[in-house]
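K.L.:
Handing you a structure now.
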Amino acid sequence: MFSRQIPAILVLAFATGFIGCASTPPTVTPISSTANPATEIQRTQAMINEARERQIDVLSPTNFNKAEDALKKAISKKEAGKSSEDVLEQLAYAQSWLRDGVNKSQLATMQMPEIEDARRGALNARANELLPKEWAKTGKQLEAATKALEKGSLKTVDKKGADIVAEYRKLERDAVAKAVLGRADENIKFAEKDKAEKIAPRTYNAATMRYDNARKIIDANPRNTEVINQAAADATRESMHLLEVTSKVKAGNTEELVLQAERQQRAIVNLKKENNAAESELNEMARQQQELARSQALVTQAASIRRQFKPNEAEVFTQNGRVMVRLKAIQFPPNQATLGPKNQAMMKKVNEAIEQVGPAKVIVQGHTDSTGNPNRNMTLSEQRAKSVQDYLVANGAVTLDNVESVGVGSAKPVSDNKTASGRAKNRRIDIIVEPLSPR
């Protein structure tokens with residue numbers, strides 16, 4: 001029994017609060033006469049909205065309703081051009097009713113924690129939207145209990161409290177079921193009109209079993225959202241399958257033939273998936289083998305080129321799937337792009353190394369140090385790259401179709417431009433060799 005849990009002091013508090021049913025609040029806190037009526041109206045409306053959010057309209061309906069009535073009177077007086085004192089007086093009443101409602105609702109919450117929790121659960125499940133008639137009916141029962149409680153009477157809560165909790169719990173379960181199982185329920189009922197239970201009993205039993213299972217999960221714990229959603233999805237899927245099978249049976253097939261055809265189709269789909277997976281695996285293996293062969297060929301070609309040079313003549317390494325040949329022994333005089341006699345022996349080695357590899361493409365990059373005008377450096381780097389390109393073409397290592405010369409200027413130094421030796425290293429030629437793809 002609900003009332004047996006209430007301390008006597010709470011009963012006295014409700015009883016003495018009966019004066020709250022008078023036309024004015026038992027205690028009124030006046031609003032300053034200098035206050036702005038429009039601002040106070042907005043403030044009072046916000047207080048009412050907050051009170052409704054805290055369920056004070058349910059836990060202390062008399063005080064809440066009187067607060068709303070006082071606010072309406074204040075608004076009417078303001079619109080009618082009444083004095084600010086009259087408007088502020090009604091607003092003071094409204095705010096006082098709300099404060100009294102808060103106090104009463106706290107006592108009601110202590111008396112009816114189960115009811116409050118059950119109602120909030122139903123509200124969170126949108127029972128007020130999905131089951132409006134049932135929601136209104138239970139709300140009237142709760143209103144009768146809370147109004148009696150405001151007057152200090154515990155009989156209604158003691159007598160009806162357990163029933164109200166049960167009704168809100170049921171509302172929560174039913175609202176959750178309607179929200180997540182609504183489509184499955186409609187599908188099954190539609191199939192039943194086509195006599196699905198008789199013409200497609202196996203499929204009908206599977207669909208109703210899924211539905212019943214989801215409903216049992218909801219009844220056990222309507223707040224177990226993740227499990228409920230999965231069960232509801234299964235039920236909806238089976239209900240759609242029921243519609244499909246029923247339709248095919250009505251067209252002149254038997255349920256057994258329809259299900260057999262589905263099994264065969266699933267077997268075909270699975271076989272295709274297996275074949276696709278095997279094919280994808282083979283393709284991936286082939287791609288990896290090609291990549292490995294390309295990598296091995298790249299390393300082999302880099303080693304072949306490296307053998308043509310001494311360490312102080314060139315640096316050879318792989319980079320981004322290509323071979324980089326950094327010519328260290330070719331030195332250009334400042335502001336000049338001619339190879340000169342001193343570079344002929346080195347260029348002969350370069351030509352023979354590239355010719356031996358037989359590349360798909362060669363890119364000759366010219367570089368300068370950072371001294372001088374940047375625009376002039378760019379032009380000079382282009383001229384230096386072109387000089388090397390012309391030599392390679394003239395000596396047969398490449399053709400004009402598979403060689404390209406590029407000027408980089410001073411943008412990519414390999415050493416410090418602050419020293420003479422560093423600047424000499426930066427005045428260089430890089431040759432990028434793109435090997436032929438392995439067969």
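Just so it is clear, none of the values below were taken in a lab; they were calculated from the coordinates. Predicted model only: the values in this text are computed from it and were never measured. Backbone-built Cβ (ideal geometry, glycine too); neighbour counts: all protein chains shown.
K.L.:
When a/c is below 1.5 the answer is rounded, else prolate if a/b is larger than b/c, else oblate, so apply that to region 142-255 with a ≥ b ≥ c taken from the square roots of the Cα gyration tensor eigenvalues.
P.N.:
prolate
K.L.:
Please rank Asp86, Asp401, Asp212, fewest neighbouring Cβ atoms within 10 Å first, as an exposure proxy.
P.N.:
If I rank by nearby Cβ atoms, fewest first, I get Asp401, Asp212, Asp86.
K.L.:
Using alpha carbons only, what's the Rg to Rh ratio of region 302-434 with Rh from Kirkwood?
P.N.:
Reported Rg/Rh (Cα atoms, Kirkwood Rh): 0.94.
K.L.:
Within 13 Å, Cβ to Cβ, of Phe190, how many net charges do the neighbouring residues add up to if Lys/Arg are +1 and Asp/Glu are -1?
P.N.:
Net charge around Phe190: -1.
K.L.:
Next question. Might you report the magnitude of the Cβ-based charge dipole of the chain about its Cα centre, with Lys and Arg at +1 and Asp and Glu at -1, to the nearest 20 debye?
P.N.:
Here the chain has a charge dipole of around 1020 debye.
K.L.:
Charges only on Cβ, +1 for Lys and Arg, -1 for Asp and Glu: so what's the dipole of region 20-88 about the Cα centre, in debye to the nearest 20?
P.N.:
Charge dipole, region 20-88, about its Cα centre: 80 debye, nearest 20.
K.L.:
With the cut-off at 1.5 for a/c, could you classify region 256-330 from its C-alpha gyration tensor as rounded, prolate or oblate?
P.N.:
Prolate, since a/c reaches 1.5 and a/b exceeds b/c.
K.L.:
Follow-up. Placing unit charges on C-beta atoms (Lys and Arg positive, Asp and Glu negative, everything else neutral), compute the dipole magnitude of region 161-231 about its Cα centre in debye, rounded to 20.
P.N.:
240
K.L.:
Go ahead and estimate [θ] at 222 nm for the chain from helices alone: -39,500 (n - 2.57) per DSSP H run with n ≥ 4, summed, over the residue count, rounded to 500.
P.N.:
Roughly -23000 deg cm²/dmol at 222 nm, from the helical runs in the chain.
K.L.:
Here is a follow-up. Relative contact order of region 302-434: what whole-number percent is it, with Cα pairs under 8 angstrom and at least 6 residues apart?
P.N.:
Relative contact order for region 302-434 comes out at 33 percent.
K.L.:
Under 8 Å for C-alpha pairs, at least 6 residues apart: give me the relative contact order for the chain, rounded to a whole percent.
P.N.:
Computed value for the chain: 11 percent relative contact order.
K.L.:
Put +1 on the Cβ of each Lys and Arg and -1 on the Cβ of each Asp and Glu in the chain; which of Val245, Ala74, Val58 then has its Cα farthest toward the positive end of the dipole?
P.N.:
The residue sitting most towards the positive pole is Val245.
K.L.:
Give me the net charge for the shell around Ser415: Cβ to Cβ below 14 angstrom, other residues only, Lys and Arg +1, Asp and Glu -1.
P.N.:
Its environment carries a net charge of +4.
K.L.:
Using the count of nearby Cβ atoms within 10 Å as a rough guide to exposure, how do Asp163, Asp100 rank from fewest to most?
P.N.:
Placing the least packed residue first, the sequence is Asp163, Asp100.
K.L.:
Average the reciprocal distances over every distinct pair of alpha-carbons in the chain, invert the result, and give the Kirkwood radius in Å.
P.N.:
Hydrodynamic radius (Kirkwood, Cα only) of the chain equals 31.7 Å.
K.L.:
Right, something else. What's the exposure ranking of Trp135, Trp97, going from fewest to most Cβ atoms within 10 Å?
P.N.:
Trp135, Trp97
K.L.:
Here's another thing I want to ask about it. May I ask which residue of Thr338, Ile432, Ala360 lies farthest towards the positive end of the charge dipole of region 302-434, with charges of +1 (Lys, Arg) and -1 (Asp, Glu) on Cβ and the Cα centre as origin?
P.N.:
Thr338
K.L.:
Right, next: Could you compute the net charge surrounding Ala278? Neighbours are other residues with a C-beta less than 14 Å from the C-beta of Ala278; K and R count +1, D and E count -1.
P.N.:
Cβ neighbours under 14 Å give a net charge of -2.
K.L.:
Have a look at Asn213, Ala144, Gly372 and report the one farthest towards the positive end of the charge dipole of the chain, computed about the Cα centre with Cβ charges (Lys/Arg +1, Asp/Glu -1).
P.N.:
Farthest towards the positive end: Gly372.
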